[in-house]
Amino acid sequence: MLNRRTFLQSSLFTSASIFIKKTVIGAASPKKRNKPLVISTWEPNVTANAEAWKILGKGGKAIDAVEAGVQIPEANPHDQSVGYGGLPDRDGKVTLDACIMDETGNCGGVVFLEYIVHPIKVARLVMDKTPHVLLAGEGALQFALENGFKKENLLTPESEKAWKDWLKTSKYDPMTIPKLLQEKDLKDGRGQQHNHDTIGMIALDEAGNLSGACTTSGMAYKMRGRVGDSPIIGAGLFVDNEVGAATSTGVGEEVIRICGSHTVVEYMRMGLSPDEACKKTVERIAKKRGDKANDLQVGFIAVNTNGDIGGYALQKGFTYAVQTTEGSKVYHSKSMF
Ligand code: SD4
């Protein structure tokens, strides 16, 4: 897996971004509409942005761009937080959550879905083909199979080994596991790679429409049946075409408690910049959790209708990737601690 520190220090670009101009964008201007653009949680998702850009760069729709973009980490066996190769629950089962939302408020999601490599595609079908917003577990799987998806084993040898190592202690502490994994990553000089790699992606297309997608295998070694914020509209993702859009990563329980992404969008509606809106929302979590917030990671990214971007996290180490007509850039988010 890519060494994040090296990656960030040596170059902001990956081979996947060769078809875009190698220009680093500056701070987003509130005066000029900065579009099209795509923004994703976590630095490795420059590749997901590049995939989305294949659609956005040709004047395509934001909703199609985000659906295509997030399939990159979903299919990547080395991304242990999303799709195929995701770390399993405590019983060794990989269970996936995803949702998608367009500029009209249409949305769809799947929770606790097993055996399907691309939950985002199922979420899109829930949005397009059903009168519902969320399908869960067996029902979601049945719907996927009826629509031509294939059942596949999502547990890779790498993730099975990690789970078996975890079983030796079986310490059930979903809140601090991410922190411990991150500390190990940092100690090993790999940057912060583990557990908080959920992809939340937002795109603003040439026509000025916003859409978003979010997909994850959730917290590693979670209780069976646990669902986080990522597939919950308003928590892990929210889009309001009149205002902006936001998405989250981190400990989902904390995000759900305050309807995080919706809160970010509402702060933007009140006139805050995306950066300020993310910060206010993170501060709300910190205020509610008191000292416990020291051990948690939550990060938000946001875009407003001008194409201004922003992000903020509880802890250091949160990164996000942005692509515009001028190139691709990775941002190190500001944080509370
Ligand atoms: C969850 N928010 O299931 C997800 C986990 C996450 O990067 O963001 N990981 O709570």
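What the table shows:
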{"item": "Exposure proxy order (Cβ contacts within 10 Å, fewest to most) of F300, F149", "result": "F149, F300"}
{"item": "Whole-number D in µm²/s for the range 42-129 (Stokes-Einstein; Kirkwood sum over Cα pairs; 25 °C, 0.890 mPa s)", "result": "182 µm²/s"}
{"item": "For the range 37-335, the Rg and Dmax computed from alpha carbons only, in angstrom", "result": "17.3, 53"}
{"item": "Residues T247, T104, T305 arranged by fewest to most Cβ contacts within 10 Å", "result": "T104, T305, T247"}
{"item": "Rg to Rh, two decimals, where the range 211-337 supplies the alpha carbon set and Rh follows Kirkwood", "result": "0.96"}
{"item": "Vicinal HN-Hα couplings computed from phi for the range 305-314 (Karplus, 6.51 cos²θ - 1.76 cosθ + 1.60; Hz; Gly/Pro x)", "result": "5, 6, x, 6, 10, x, x, 6, 9, 5"}
{"item": "Residue order, fewest to most beta carbons within 10 Å, for M270, M219, M101, M127", "result": "M270, M127, M219, M101"}
{"item": "Distant-in-sequence amide H partners of L96 (H built 1.01 Å from N, under 5 Å)", "result": "F112, L113, E114"}
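Readers should treat all values here as calculations from the given coordinates under stated rules, not as data from a laboratory. This is a predicted model, so every value here is computed, not measured. We place every Cβ from the backbone using ideal geometry, glycine too, and count neighbours over all the protein chains shown.
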